[in-house]
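The values are calculated or read from the model by the stated rules, or taken from the named source; none is laboratory data. What you see is a predicted model; the values in this text were computed from it and never measured. Methodologically, a virtual Cβ is constructed for each residue, glycine included, from the backbone with ideal geometry; neighbour enumeration extends over all protein chains shown. In case anyone asks, the SASA skips ligands and DNA or RNA and just uses the protein heavy atoms, side chains included. Shrake-Rupley method; radii C 1.70, N 1.55, O 1.52, S 1.80 Å.
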Amino acid sequence: MHPNLTRAELTDRIRARALELGFEAVGIAPVRPSEHAERYGAWIGEGMHGEMAYLAREDAVAKRADPGVLVPDARSAVVVAIGYYSGDAEEADPSRGVVARYARNDDYHDLLKDRLIALQEWANAELTPLGGRAYVDAGPVLERELASRAGLGWFGRNTMLIQPRRGSYYFLGVLLLDVELEYDAPFTRDHCGSCSRCLSACPTGALLGRDEAGAPRMDARRCISYLTIELRGPIPRELRPLIGNRVYGCDICQEVCPWNSFAEPASDPAFIPRDGMEGPELIEWMGMTQEEFSRRFKGSAVKRTKRRGLLRNVAVALGNWGAPEAVPALAAALNDEEALVRGHAAWALGRIGTEAARQALSGRAEVEADAWVREEIALALGTDDRRQSDNQ
Ligand code: SF4
Ligand code: SF4
């Protein structure tokens, strides 16, 4: 350590610099094994992570269980938070899509990581030689657990880290450092109390309450964030009607949380929503070419779904809207090169059910080669025995 700095001074300087770099909250925790590792393993064992195989990889599980595996000499976790709330939006109009707030601006991963690295480099140059590594979401660190241990907030029943007076619309980042620092008191209280609004509001029943140790549980396979972002293939038919007009992620369990009534719109210009990301017109997005998709979502988290995933979601949202105005766009999507898009467009046309919708489906049935899309068309036309009740 710098000969003239005490541990407390080093901690204060790092904390102050983090705030100067634009982080709105900073907490510091000692690095030690996760208290949730066993339950995390059980959650994986029950398959609740769905297709997110990266969460179940042996090395990732080990690293999640103990951040010390990631950075062997890590002593301290500097946990930072920065708000992304963008106000209440227009979500009641079913002709428009809803993009989760965190994805309406530029992709936050690089931005947060750059700032964390800047913090480390500054401390290394100005204060004391230190090593470490920055993680933002993609890293196998359980940010929320570290944030709670660093005193920033508690795990809400909605699985989010909730900060008193701030709420949960926050990105979290972690800088693991190989120096001892002064640590914040862990946040031990559960301020959810008797509230269970998030559980009642979740349209798909993905939130399962707390386990016997008090940790919130979620079946990610039913969560709209998973279904619209992480899932690569078809969305299960029985869940499609529950997704409404959400085309990328879902904020419902945060919107209903009373602690988010304190949320202030993001002050950092990096997190001001991009044009067109609040209430995009579904019909317009349904016709998006690959070129438009690449241009529109350059540097945006939305590109994670690829064009075919986003248009799959848009088709579902149009089917849930159920308006005849959507038929031309969906009929055109029946000829899309991606089977995923064609199959969901067929489902949506089945939901709309007008003569024009049925004609489009019948026309495509004559030339469609993909077995799954043929099945979707048959279900939409009611010519398949497995026709779902929600299609009737
Ligand atoms: S994000 Fe949406 S679907 Fe997922 S748990 Fe929350 S309310 Fe349910
Ligand atoms: S809605 Fe209620 S139960 Fe859910 S996270 Fe917020 S305070 Fe906790």
Checklist line | Degrees, to the nearest 10: 355-365 long Cα axis against longest axis of the chain | finding: 80
Note to self: Suppose the Debye formula is applied to equal point scatterers at every Cα of the chain; what is log10 I(q)/I(0) at q = 0.11 Å⁻¹?
What the structure shows: -0.83
Next item on the list: Mind checking the per residue accessible area of the stretch 281-387 for me, 1.4 Å probe, whole number of Å²?
Entry: 44
Checklist line | the chain, helix-only ellipticity at 222 nm - DSSP H runs n ≥ 4, -39,500 (n - 2.57), divided by all residues, nearest 500 | finding: -10500 deg cm²/dmol
Checklist line | Whole-number percent relative contact order across the stretch 281-387, with pairs defined as alpha carbons under 8 Å at least 6 apart | finding: 23
Next item on the list: Just grab the label-to-label distance for Asp211 and Ala118, each label 7 Å out from Cα along the Cβ direction, in nm (one decimal).
Entry: 3.8
Next item on the list: Sequence neighbours fewer than 8 away in the same chain don't count; with that in mind, list the lysines whose C-alpha is under 19 Å from Lys298.
Entry: Lys113, Lys306
Notebook entry, point to check: By how many nm would the segment from Gln290 to Val256 lengthen if fully extended, with 0.36 nm per residue of separation less the alpha-carbon distance?
Noted result: 8.7 nm
Checklist line | Neighbour cut-off at most 13 other Cβ (10 Å), DSSP loop, trypsin sites (Lys or Arg not before Pro), the stretch 134-212 | finding: Arg165, Arg189
Note to self: Taking just the alpha carbons, could you work out the radius of gyration and Dmax for the stretch 1-152, both in angstroms?
What the structure shows: 18.1, 63
Note to self: Report the gain in length on full extension from Ala62 to Asp190: 0.36 nm times residue separation, minus Cα-Cα distance, nm rounded to one decimal.
What the structure shows: 43.4 nm
Check: What is the helix-to-structure angle for 108-126, meaning the angle in degrees between its Cα long axis and the longest Cα principal axis of the chain, kept from 0 to 90 and rounded to the nearest 10?
Finding: 10
Checklist line | Accessible area (Å², 1.4 Å probe, nearest 10) - Glu264 | finding: 140
Next item on the list: Whole number in Å², please: accessible area per residue of the stretch 1-74, 1.4 Å probe, ligands, DNA and RNA not counted.
Entry: 53
Next item on the list: Rounded to the nearest 10 degrees, what's the angle between the helix 7-20 long axis and the longest principal axis of the chain, both from Cα atoms, 0 to 90?
Entry: 40
Check: For the pair Thr6 and Glu325, how long in nm is the line joining their label points, each one 7 Å along Cα→Cβ?
Finding: 6.7
Margin query: Could you work out what % of the accessible surface of the chain is carbon and sulfur, using a 1.4 angstrom probe and leaving DNA, RNA and ligands out of the count?
Written below: 48
